[in-house]
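The next block holds one structure in the form of structure tokens; read it before the comments.
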Amino acid sequence: MKKKKVNLKDIKSNSENGHSHNNGHNHDGSSSGFKTYIPAVISFTMLIIGIALNYFDVDFFEKWTQIVWYTIAYLPVGYPVLKEGWRSIRRGDVFTEFFLMSIATIGAFAIGEYPEGVAVMLFYSIGELFQGAAVKRAKTNIKALLDVRPNEALVYRTNNYISVSPETVAIGEKVQVRVGEKVPLDGILLSKKGSFNTAALTGESKPDSVLKGEKVFAGSINMDGVIEIQTTKEFKDSSIARILDMVQNATARKSKTELFIRKFARVYTPIVVVLAIGVTFLPYFFIDNYVFRDWLYRALIFLVISCPCALVVSIPLGYFGGLGAASNNGILFKGASFLDAITKVNTLVMDKTGTVTKGVFKIKKVKAIGYEEAEFMKYLMAMEEQSTHPIAKAILEYKIGNEYFKANKVSEIAGKGLKGAVNNKTVLVGNKSLMTTNNIQVTKETESIKESIVLVAIDEVFAGYVVIADELKEDAKETIINLHKVGITNIIMLSGDKDSITQKVASELNIEQAKGGLLPEDKLNEVELLQKNSESSRIAFIGDGINDAPVLAASDVGIAMGGLGSDVAIETADVIIQTDQPSKVVKAIKIGRSTRKIVWQNIGLAFGVKVIVLILGAGGLATMWEAVFADVGVALLAILNAVRLQKMKWD
């Protein structure tokens, strides 16, 4: 589904019910220094002077003087609100906080409560300024990503390197990156080696070493020497550009809690307005000593309290804080809805290769029969030089010194292995089927080996074998232990690798359910079967690439490992783990739960205080000052609570 592009500067703390919270205040922190606070300072100064003049009963400070004085004090903070309230009414959205604050403060002036009228608007304005500062702080991590976006590229054209915008560089062009500069586009390294700081992309501060021919990602910082890369993607398709686009659009996907609160506020606010009108006039019919001014004052308190500011501001800010905290930990949620969804996951399905294993073959065991190990490996490596298979690559990494054998007359036997000549000896390298076809007797111990095994025969005699295995990631075992600790005990491994290998890895990790030998459609069928058999199951799937895309899309929460290396994973998954560390999944769950906890704390705080002060206000036991606390004060407390997410640790 194509998402609407959202610019960070346009992201407000709420956007769907007219509560844009931008009444003359800057929420992205782009306004410089003291200017933002000048209106509030003027109003505050004049309010304090006016209260002092009242207190000392200065002669000239009489009724009309007071009206003029407090009106001037009111306008710097009140005019932007009055203006926005009028705009909202013209758009057909009457019951906004701008309208409520306008009516309440104008009403306070009408009954002669000038200082309280100014104070209510002043504190509302101060609340908005605090909110702006909180939003700015919550955006810090995401803005850090924007700072990583490269703004120039040194591209080789017409026998010279020239500086151009990265957007103008084509695929296949050669780009130079100097020490300390950002890599402008995704590409492959042309230089012998390079060292890169990828902290902004992966959340990991450890430098990443890259060899010639390996991938380099845009946004990485070159740490060592001048290097050259050949671009493999246009800038708009580069990893950093796509991550930025995804993060910028994350707040567009609202959580169910946010959507509910917004809809509730649209109903709740007009109901309180009607009640305020009732508080003003209904007592006339039931109370003998009815005083219009007193009941109007109580109604104005009702209006101030009814502002849904604390709810509408703090809840989106809580989710925004969660998204920022996650991105700082190398985890990208595609929206607040997935912060909620991951807290409800009770079943975790995972791929094997590239998810809990490194996806790189390594020699685990060498067994030579009738030969020294080094000599045996020279025969084997001479043959494997003719192959492009990943297993051949693992074998060729074996260190045997400077002396090598040379193979000739090498031919591939489909599905079985290789046949050739080394040192005038016939050499067979492959699986058991190759040995059986050539009447080679292998040792019985090979039959119990579950990993990939390469059998070798020299001059029609079995000469030994090499066991090749994928390695577990360093944090794989820790991940399963911690998943159990956070309450996810139903863990299932699905893999395209041989079932025997899959079962062995599952056993090492203490995963009870595992299936191997599955095609992508088989994995999808397994997940759909889980969903069908248990309606209460909330399934997260962790995969690492293109073949896992169907399951990532079908699961309740799709989590992509190593998202920087897989375009399809970025497109399909709901959560991107920017490193290859499965343990980050546990951290993602913890961040989601912390965010949800803070959001519900804010909801409880806002509702609880508002209900208490509404009751006190209706009974004449609360003044406008308590009403200000119930609205602006609670909003500030909720904002400060949400900001806590930025300081939390989830280890």
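In this structure residue 389 has an accessible area near 90 Å², from a 1.4 Å probe over the protein heavy atoms. Take residue 62: with every protein chain present and a 1.4 Å probe, its accessible area is about 120 Å². The residues of the stretch 273-415 expose, per residue, 45 Å² of accessible area to a 1.4 Å probe. What the phi angles of the stretch 188-194 give under the Karplus curve with 6.51, -1.76 and 1.60, with θ = phi - 60°, is a coupling list of 10, 6, 8, 6, 4, 7, x Hz, glycine and proline written as x. Charges were assigned to the Cβ only: +1 to each Lys and Arg, -1 to each Asp and Glu. The resulting dipole of the stretch 455-576 about its Cα centre is roughly 420 debye.
Here the 3J(HN,Hα) profile of the stretch 504-521, calculated from phi with Karplus coefficients 6.51, -1.76 and 1.60 at θ = phi - 60°, is 5, 5, 4, 5, 4, 8, 6, 9, 6, 10, 8, 9, x, x, 9, 7, x, 5 Hz, Gly and Pro shown as x. Of the peptides 554-561, 72-79, the ranking by mean beta-carbon count within 10 Å, highest at the top, reads 554-561, 72-79.
Across the options 534, 479, 468, the greatest Cα extent toward the positive end of the charge dipole of the stretch 444-542 (unit charges at beta carbon of Lys, Arg, Asp, Glu) belongs to 534.
The values are calculated or read from the model by the stated rules, or taken from the named source; none is laboratory data. These figures come from a predicted structure and were not determined experimentally. Please note: Cβ atoms are built from the backbone with ideal geometry, for glycine as well, and neighbour counts cover all protein chains shown. Just so you know, the surface numbers come from the protein's heavy atoms only, side chains and all, with ligands and any DNA or RNA stripped out. Shrake-Rupley method; radii C 1.70, N 1.55, O 1.52, S 1.80 Å.
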